[in-house]
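Below: the structure, in structure tokens.
Just so it is clear, none of the values below were taken in a lab; they were calculated from the coordinates. In this text, all values refer to a predicted model and were calculated from it rather than measured experimentally. When we count neighbours, we look across all protein chains shown, and the Cβ atoms used for this are built from the backbone with ideal geometry, even at glycine.
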Ligand code: GLN
């Protein structure tokens, strides 16, 4: 196994392929071997299709020989969260409900990857239907953290993060409804991007909460994130919420923006509940920007800090209760063997197919939408959503970005929060408001705790300002080496 190869970022792999120092088949074989070696300890994958991956790699090598490569990622495997449709591959959403479902079509992001020659690689584990923060809600079991196998990799895109951190894939796609890309990226020492709502097509992403869901990259560094986002972003007529504006050339736009940066630090985010090691790492990153000549301003997010969790868990559950109605055993999903009549068939199929957290959210969502409670909960949450968006935009006025921790603590242990769902929800405090506001945000590695667990720094920008966020993130990354560190997950290392 070529261990040097599998630890490289996309930017290095593209060069190795271009210089013909490695073939796509050799590269794919190295990631397959690595996956098999560490998978029993990690469980990042729900499944993978080795022959299909190797066939795609062979086709890429043939294109290259003919001088007809399709794009910068031609021949490079990209890990895919098992909530994003890949034609002919299982699409389980880590749910019993879809245990036997095979997608008949490609999501738009997969079409775009393929159009650029990239190889969709593996079906990566997640919390069932992306509901959770630890992959403990997966019907297939938890994904462990490559940095510490007694900890979770985060969630819901925990498989995507673990696979990249453990070098089973050089980069991956996840989805982020309330933090599901940024939080696992933070827990696993990666760069994770939640794009501006509407930037990346949701066509072919199993819907959780449609007004919040966005697909985005998890990568080893900022350059890779800009590159991969550029491949998947852009208008898609099949997603009515896709923005009718061309995607910028992220890598080019990123380097065109230069510091020193004007950054806002939300006062409310540095109070009780913040792990001291996380606070220290984030403070140090802020000091770095200041030492570079940046202007650091204390800002306030009074509404977001107080109400984002409540508004998110009302709106997200409301939308999920509606989106998941399609899994009834008739149109989609598991069908019970023991139905007495039609109503019984719906009820039993859903009772058997969904796990506890999904059921809890469907119940909550149905309740907040029901007549008599709609005004008290759903409508008020929507009003709060507007105020939360105004909160961020006011705080961002005249600034390049807001700087916050991505998570209040480093990766926790399996079982630590499962008995108390509210404690799991509260840990989403720094990420969910960004989705409610539709804003872009990046999480990047900013240090380690004394126990060796990665810490994530979150940068939040105005709508469409991904290039600026990438530039701010990159200026930090270039002066630090956190992103170059690799966990030791394999005894062979
Ligand atoms: N942890 C959040 C939740 O459980 C976010 C999940 C997500 O972004 N998909 O809803």
Can you give me the distance in nm between label points at residue 397 and residue 330, each placed 7 Å from the Cα along the Cα-to-Cβ direction? 5.4 nm
Indicate the gyration tensor shape class of segment 354-484 (rounded, prolate or oblate), computed on the Cα atoms with a ≥ b ≥ c the square roots of the eigenvalues: a/c under 1.5 is rounded; otherwise a/b larger than b/c is prolate and the rest oblate. oblate
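Answer rounded, prolate or oblate for segment 386-442, using the Cα gyration tensor with square roots of eigenvalues a ≥ b ≥ c: rounded when a/c is under 1.5, else prolate when a/b is larger than b/c, else oblate.
It comes out prolate by the Cα gyration axes.
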Taking a spot 7 Å from the Cα of residue 486 along the direction of its beta carbon, which residues of segment 136-164 have an amide N less than 18 Å from it? 145-149, 161-164
If you find the alpha carbon centre of segment 162-181 and of segment 403-454, how far apart are they in angstrom? 15 Å
Give me the number: length gained by fully extending residue 115 to residue 344, i.e. 0.36 nm times residue separation minus the C-alpha to C-alpha distance, one decimal in nm. 77.9 nm
Helix-only [θ]222 nm of the chain, DSSP H runs n ≥ 4, -39500 (n - 2.57) each, per residue, nearest 500: -12000 deg cm²/dmol
In what order do 449, 418 fall by count of nearby beta-carbon atoms within 10 Å, going from fewest to most? 418, 449
So how do 160, 322 line up by other beta-carbon neighbours within 10 Å, fewest first? 322, 160
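Quick one: 424, 485, fewest Cβ neighbours within 10 Å first, how do they rank?
Listed from fewest to most nearby Cβ atoms, that is 485, 424.
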Quick one: plug the Kirkwood hydrodynamic radius of the chain (C-alpha pairs) into Stokes-Einstein at 4 °C, 1.567 mPa s, and report D in µm²/s. 58 µm²/s
Kindly identify segment 327-386 as rounded, prolate or oblate by the Cα gyration tensor criterion: order the square roots of the eigenvalues as a ≥ b ≥ c, call it rounded if a/c is under 1.5, otherwise compare a/b with b/c, prolate if a/b is larger, else oblate. prolate
